[in-house]
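As structure tokens, the structure follows; a few thoughts come after it.
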Amino acid sequence: MGNNKYKILIVEDDRNIASFVQMVFETNGYQVLTAERCQQGLLMFTSHMPDLVLLDLGLPDMDGEEFIRRIRPDSSVPILVLSARSDEEDKVTSLDLGANDYITKPFGTAELLARVRAALRVNRSSTRTALDGRFQVDDLCIDYDRRQVTIAGEAVHLTQTEYNILALLSQHTGKVMTYSAIIREIWGAMDNGSVKKLQVNMANIRKKLGCRPGDNRYVTNELGVGYRMLDE
Ligand code: CA
């Protein structure tokens with residue numbers, strides 16, 4: 001069993017948090033590596049090839065964002081940002097640089113484990129989706145070849161743009177996609193009205209999927225940051 005364990009690299013200078021996180025993962029069957037500095041984290045990343053990185057943004061030698069900049073786009077390893085800052089700008093910046101998700105300190109054991117499991121699943125499910133040409137979560141199904149969306153077998157009638165947005169989110173399941181990342185993919189460029197236009201489209205998508213306001217089935221609204229398609 002020993003060699004099948006997921007290897008997690010924690011880059012965090014706060015020893016209390018690092019040892020808490022290490023304890024949580026070790027007791028749940030993961031192998032854990034820790035680094036207190038960004039540079040050390042980069043070296044450990046290269047030599048150990050972890051399955052996932054938990055990254056603090058405020059590191060003593062370099063900003064954690066620099067870590068993301070250096071390992072993307074060469075590696076698609078899931079990166080989960082641990083941030084003390086509830087600042088939306090930091091979240092957006094790290095996501096746009098290629099982080100998969102963020103978790104705001106202080107966080108609990110259950111939330112941390114769930115986020116890590118989701119991030120590890122995303123890496124596997126993206127290959128699965130590409131293979132069979134369809135996406136399925138709960139009773140929602142997207143057939144990429146036919147560009148068709150159904151809920152419990154019933155067709156959902158989306159506009160071209162609405163379909164493109166939903167398909168895009170489904171290809172990044174479990175991951176928050178920032179407003180600007182979605183807008184770039186769908187419309188190419190960002191202007192003053194883009195975010196509003198996206199929000200209007202999302203409201204229509206949710207309505208057509210049968211979601212009531214505030215109902216987070218299928219897609220969650222990450223306020224001030226973007227949207228996330230749920231994977232379970
Ligand atoms: Ca720190």
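Coordinate-derived values only; no laboratory data. Keep in mind that what you see is a predicted model, and the values were worked out from it rather than measured. All Cβ positions, glycine included, derive from the backbone under ideal geometry; neighbour counts span all protein chains shown.
Taking the convex hull of the alpha carbon atoms in the stretch 2-123, what volume per residue do you get, in Å³?
Enclosed volume per residue, from the Cα hull, is 96 Å³.
Helix 109-132 versus the longest principal axis of the chain: what angle, 0 to 90°, nearest 10, using Cα atoms?
The angle comes out at about 60 degrees.
Taking the highest mean first, how do the peptides 211-221, 52-62 order by number of other beta carbon atoms within 10 angstrom per residue?
Per-residue Cβ counts within 10 Å, averaged per peptide and sorted highest first, yield 52-62, 211-221.
Contact order normalised by length for the chain, with contacts defined as Cα pairs under 8 Å and 6 or more residues apart; what percent is it?
Dividing the mean separation by the residue count of the chain yields 13 percent.
Using 0.36 nm per residue of separation minus the Cα-Cα distance, give me the extension gain between Ser75 and His157 in nm, one decimal.
Length gained between Ser75 and His157: 25.8 nm.
Sort 179-185, 115-121, 191-197 by the packing proxy (mean of other Cβ within 10 Å over each peptide's residues), most packed first.
Per-residue mean Cβ counts within 10 Å order the peptides as 115-121, 179-185, 191-197.
Taking every pair of alpha-carbon atoms in the chain, give the share separated by more than 23 Å as a whole percent.
The calculated P(r) of the chain puts 51 percent of pairs beyond 23 Å.
Using the Cα gyration tensor of the stretch 133-229, with a ≥ b ≥ c the square roots of its eigenvalues, what is the shape: rounded (a/c below 1.5), prolate (a/b larger than b/c) or oblate (neither)?
Prolate, because a/c is 1.5 or more and a/b exceeds b/c.
Where Lys and Arg each count +1 and Asp and Glu each count -1, what net charge lies around Leu33 among other residues with Cβ under 13 Å from its Cβ?
So the surrounding residues net to -2.
Between Glu66 and Tyr144, how many nm apart are label points set 7 Å from Cα along the C-beta direction?
My value for the distance between the label points is 3.7 nm.
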